[in-house]
Amino acid sequence: MNIRIRLSSWVVAPAALLACALLGACRPRASSGNAPAGASSSLKAPKFRCNLLLGVAVTSEWFDAGFEHVVDDARWEAITKPHTSLSEWADPNDPVWSLPPTSACAERATMPDRVLFTAMKWEYKSADEWVAGLRGVVSAIVGHFPEVREIDLLTMIRAPHNASCGNQMSVVEPFVDEAVARVAAEQPALVKVGAKLEAPTCELFKNGGPHFTDAGRAQIAQYVGAFYAAER
């Protein structure tokens with residue numbers, strides 16, 4: 001299976017990624033660059049030594065359900081807390097910033113070079129509200145992790161085709177995507193639009209979303225892990 005994936009504003013095809021993950025075929029390609037004389041081809045060095053994922057309870061559902069069995073566990077860690085929305089993360093003094101990461105990176109655990117933030121704030125109903133919140137988050141991330149080289153702004157994992165599975169919380173509204181794009185455009189060298197990942201089927205959601213069933217957590221962990229395992 002020939003899959004090329006990078007962080008962008010693309011919506012990633014869930015069926016292909018899930019099949020790739022379950023078949024164990026989602027692995028970084030060997031480098032096509034010049035290898036030292038007499039040496040066999042080898043994988044390119046990872047771009048980031050420590051990837052810190054920030055999020056809420058839904059984020060931890062798949063991170064703790066096998067995600068790190070698919071990616072390089074030594075380079076991934078997470079800080080998640082239930083009911084900690086965009087407004088809390090935008091406050092650099094909120095207690096969430098003092099939490100230690102789960103499954104700390106082998107290197108740079110306290111000073112990650114990439115931070116991925118999963119945004120959630122159901123009460124915000126306009127792009128301007130989201131822009132203000134996301135700007136605060138970016139500022140807080142830089143303040144706490146001044147050596148960060150990339151910040152990826154992620155949205156919640158969407159229902160298939162971003163159409164409700166019975167709960168509107170399984171849908172990412174257009175104004176949220178607009179806000180993410182606007183904030184990323186303000187600092188394009190640092191801030192990126194994260195992948196817009198969709199659940200392969202509605203059956204993975206509990207009561208229509210945004211939380212996952214126990215079986216759904218494991219499948220989403222494989223699906224999201226396949227995406228990031230393919231990065232180089």
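Check off (1) surrounded by 15 or more Cβ atoms within 10 Å (Cβ to Cβ); (2) at pLDDT 95 or above for N93 and give me the number that stays unchecked. Checking N93 against (1) surrounded by 15 or more Cβ atoms within 10 Å (Cβ to Cβ); (2) at pLDDT 95 or above, the one that fails is (1). Those helices (runs of 4 or more DSSP H) of the stretch 44-147 in which 1 or more residues are touching a Leu at 6+ places or on another chain (Cβ under 9 Å), closer than 24 Å to D214 by Cα and touching a residue at least 40 places away in the same chain (Cβ under 8 Å) occupy 57-62.
Which residue out of T201, T155 is farther than 19 Å from A90 by Cβ and of a type in the set (V, I, T)? Testing whether each residue is farther than 19 Å from A90 by Cβ and of a type in the set (V, I, T) leaves just T201. Of the listed requirements (1) hydrophobic (A, V, I, L, M, F, W, C); (2) out of contact with any Asp or Glu (no Cβ under 8 Å at 6 or more places or on another chain); (3) not in a loop (DSSP other than H, G, I, E, B), M156 misses just one: (3). Looking only at the stretch 205-232, residues that are touching a Lys or Arg at 6+ places or on another chain (Cβ under 8 Å), free of Cβ contacts under 8 Å to residues at least 60 places away in the same chain and either part of a helix (DSSP H, G or I) or under 18 Å from T118 (Cα atoms) (or both) come to 1 in all.
Annotation note: Cβ proximity below 8 Å between a residue of the stretch 189-202 that is basic (K, R) and a residue that is part of a strand (DSSP E or B) and open to solvent by less than 20 Å² (accessible area, probe 1.4 Å) (sequence gap 6+ or interchain) occurs for K192/E150; K192/I151; K192/D152; K192/L153; K196/V12; K196/R158. With respect to the conditions (1) open to solvent by less than 60 Å² (accessible area, probe 1.4 Å); (2) on the phi < 0 side of the Ramachandran plot, S103 lacks only one, and its number is (2). Condition (residue is of a type in the set (A, V, I, L, M, F, W, C) and in contact (Cβ under 8 Å) with a residue 60 or more places away in the chain) applied to the stretch 162-180: is it met by at least one residue? Looking for residues that are of a type in the set (A, V, I, L, M, F, W, C) and in contact (Cβ under 8 Å) with a residue 60 or more places away in the chain, one finds at least one in the stretch 162-180, hence yes. Of the candidates L204, L134, the single residue that is at pLDDT 95 or above and touching a Gly at 6+ places or on another chain (Cβ under 7 Å) is L204. One residue stands out in the stretch 196-229 among those that are open to solvent by 30 Å² or more (accessible area, probe 1.4 Å) and closer than 14 Å to S60 by Cα: the one that is nearest to the chain's Cα centre (by Cα), namely Q222.
The values are calculated or read from the model by the stated rules, or taken from the named source; none is laboratory data. Note that this is a predicted model, so its numbers are computed, not measured. Methodologically, a virtual Cβ is constructed for each residue, glycine included, from the backbone with ideal geometry; neighbour enumeration extends over all protein chains shown. Areas reflect the complete protein model, heavy atoms only, side chains present, ligands, DNA and RNA absent. Shrake-Rupley method; radii C 1.70, N 1.55, O 1.52, S 1.80 Å.
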